[in-house]
Amino acid sequence: MPEIKLRKLSGVFLILTFFSALVACNNDNTTIGSAIASGEVEINVDTFYFDLQAKAIEITGFDSKTGNLMVGNIDVEDYGRLNCSFVTRLMCAASLEVPDSLWLPERIDSVKLILGAVRDEIVGDSLAPQRITVYKLNRQLPPEIDNNFNPEGYYDPSLPFASRSYTVSAIAESDSAFYNNTYVDISLDLPKEFGVEIFEKYKSDPEIFQWPKTMAEYFLPGLYVKSTFGNGCIANILSVYVGIYYYSLKETSTITDDGELETTVEHVTNLAVPFTVSPEVLSSNNITYLPSQSIHEWNRENNGEVIITTPGGYIAQYSFPAQTLIDRYNEKNVHLSTVNDLNLFIPATSFESNSGIGVATNILMVKSSEYESFFQENKIPDNMNSFIGVYDKDNERYYFSSMRNYFLDLLQKDYVNEEDTDFILVPVEVETETVSSYYGEGATYVTKCVPFTSRPTMTLLNTTNAMVAFSFSTQMID
């Protein structure tokens, strides 16, 4: 059983303020008088310190269909070696109908593939010279795809579709653009013939562009994007689209001072965006991550303090001390008892390094028995079998709240087994939605929870000093 340190302090708590004091105190029993029935009501507020004895688990395969597409390579001494590329289908972004009077193939100025890198999520040296190459896929992507997908055989390496050298630095932009732009665009020139092919195909078979699946089957299976030169920088690509620039002619007639009619013709540039990448289409990162020797050694030699990493690498497993809490709850010989709240705090810091790679923002705590199905079935945390821990930067710890329903479920069982208490800790990316009520009060719900792949992280979890804050009320009826 994990080591338990339980300390007790006595004092008087007001019922309206005991929640705010939950973390600061260690144990308190408060008599607040009679309620529905006669007898004393006691509020128990306990703080337990546990050594969770977590262990690190190395993973090589994980779900990489997250919507964040990473490209680039880094090799950092204390983090390890990370190589990222991605494959993606495309979907029709808008109607391609152009009036015949305006559409002529020779009016195409250029066709471009624009990759938008999130400026705040670039890891490494943004001035490092890179080269990116894009290939057309010639086969359909498999539906069961993960980070270990090998695109060999799905494209012709001798026929690059587009290629260019670049950096992801934005220092050449003006001050206003530098501070206001969310993305750093990487623009690649595509063949003009591709733009002609798109419009001609749309005119002859517009129905194939109605669904990503049919477009992938009858027009273009997708793209493979990889770094073909450079090291030291990873970019998170959150926007991908194809742009066709073509011109139309605008005639303007004016009367000269001599009374003659003068007509001028102006070229007006137009932009059509036929294709884009969105969450509705199949996209997946090809990620190869080899953790550094220092991470391997730390996770082997330091019991209870483990390093978890992204994308992939290491996750953590531990056993939640449920039985200790149940025993504490049942030790009161009372007629009525109610669980008020249960929260878990796990200290966490950045692993000491020179790379500047920080901690993960959110961690999923999910029962080990449901770890694989959670991501395969696109589940969201239910506060019964899975929970989200948010990183508190000021206090350097993850905070798992709303574990009350989990504890209530355990109380209904005859005994607690290993499946009830074994949990996995894995960094995740979370999307939320806030729904406002008629009175203006909003409730926030998690709408998406996927493995974290938007940037490298390595987090030191100090599970030897985990803290559980537990409160419940009891009443002895006269």
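Quick notes on this one:
- Residue list for region 256-286, filter: outside any strand (DSSP E or B), open to solvent by 70 Å² or more (accessible area, probe 1.4 Å) and under 30 Å from THR214 (Cα atoms): PRO279, GLU280
- Matching residues, region 299-308, being under 17 Å from ASN465 (Cβ atoms) and either of a type outside the set (Gly, Ala, Ser) or modelled with pLDDT of 95 or more (or both): ASN302, ASN303, GLU305, VAL306, ILE307, ILE308
- The number of residues in region 397-439 being of a type in the set (Asp, Glu) and in contact with a helix residue (DSSP H, G or I) (Cβ under 7 Å, 6 or more places away or on another chain) comes to 3.
Residue-by-condition table, conditions (1) open to solvent by 20 Å² or more (accessible area, probe 1.4 Å); (2) modelled with pLDDT of 85 or more:
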| residue | (1), (2) |
| --- | --- |
| LEU220 | no, yes |
| LYS226 | yes, yes |
| CYS233 | no, yes |
| TYR241 | yes, yes |
| TYR245 | yes, yes |
| LYS250 | yes, no |
| THR254 | yes, no |
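- In region 405-418, residue nearest to LYS448 (Cα to Cα) [restricted to those that are touching a residue at least 40 places away in the same chain (Cβ under 8 Å) and open to solvent by less than 80 Å² (accessible area, probe 1.4 Å)]: TYR406
- When residues of region 400-415 are limited to those that are at pLDDT below 90 and closer than 28 Å to ASN362 by Cα, the one farthest from the chain's Cα centre (by Cα): SER402
- Selection status of GLY304, surrounded by 10 or more Cβ atoms within 10 Å (Cβ to Cβ), in contact with a helix residue (DSSP H, G or I) (Cβ under 9 Å, 6 or more places away or on another chain) and in contact (Cβ under 8 Å) with a residue 24 or more places away in the chain: yes
- Complete set of residues in region 90-108 that are at pLDDT 65 or above and open to solvent by 70 Å² or more (accessible area, probe 1.4 Å): GLU106
- Tallying residues that are under 16 Å from ASP420 (Cα atoms) and among the polar types (S, T, N, Q) within region 374-405 yields 4.
- Enumeration of residues in region 122-139 that are under 19 Å from TYR241 (Cβ atoms) and among the charged types (D, E, K, R): LYS136
- Neighbours by Cβ (under 6 Å, 6+ apart or cross-chain): first from region 362-390, open to solvent by less than 20 Å² (accessible area, probe 1.4 Å); second among the polar types (S, T, N, Q): VAL366/SER386; LYS367/ASN385
- Matching residues in region 141-159 - criterion: being closer than 15 Å to LEU220 by Cβ, more than 26 Å from the chain's Cα centre (by Cα) and not hydroxyl-bearing (Ser, Thr, Tyr): ASP156, LEU159
- Single match in THR463, THR459, THR421, THR474 (criterion: among the β-branched types (Val, Ile, Thr), farther than 30 Å from PRO279 by Cβ, more than 14 Å from the chain's Cα centre (by Cα) and surrounded by 20 or more Cβ atoms within 10 Å (Cβ to Cβ)): THR463
- Answer from GLY67, GLY72 - the residue that is under 21 Å from the mean Cα position of the chain (by Cα), small (Gly, Ala, Ser) and in a loop (DSSP other than H, G, I, E, B): GLY67
- Residue count, region 111-157 (criterion: farther than 22 Å from ASN231 by Cα and surrounded by 15 or more Cβ atoms within 10 Å (Cβ to Cβ)): 10
- A count restricted to region 239-259 and to residues that are out of contact with any Lys or Arg (no Cβ under 8 Å at 6 or more places or on another chain), under 30 Å from LEU90 (Cβ atoms) and among the small types (Gly, Ala, Ser) stands at 1.
- Counted residues, region 112-135 - those being basic (Lys, Arg) and under 25 Å from the mean Cα position of the chain (by Cα): 1
The values are calculated or read from the model by the stated rules, or taken from the named source; none is laboratory data. The structure presented is a predicted model; accordingly, all values stated were derived computationally and were not measured. Positions of Cβ are generated from backbone atoms using ideal geometry, with glycine treated the same way; all protein chains shown enter the neighbour counts. The area values use the complete protein model at the heavy-atom level, side chains included, leaving out ligands, DNA and RNA. Shrake-Rupley method; radii C 1.70, N 1.55, O 1.52, S 1.80 Å.
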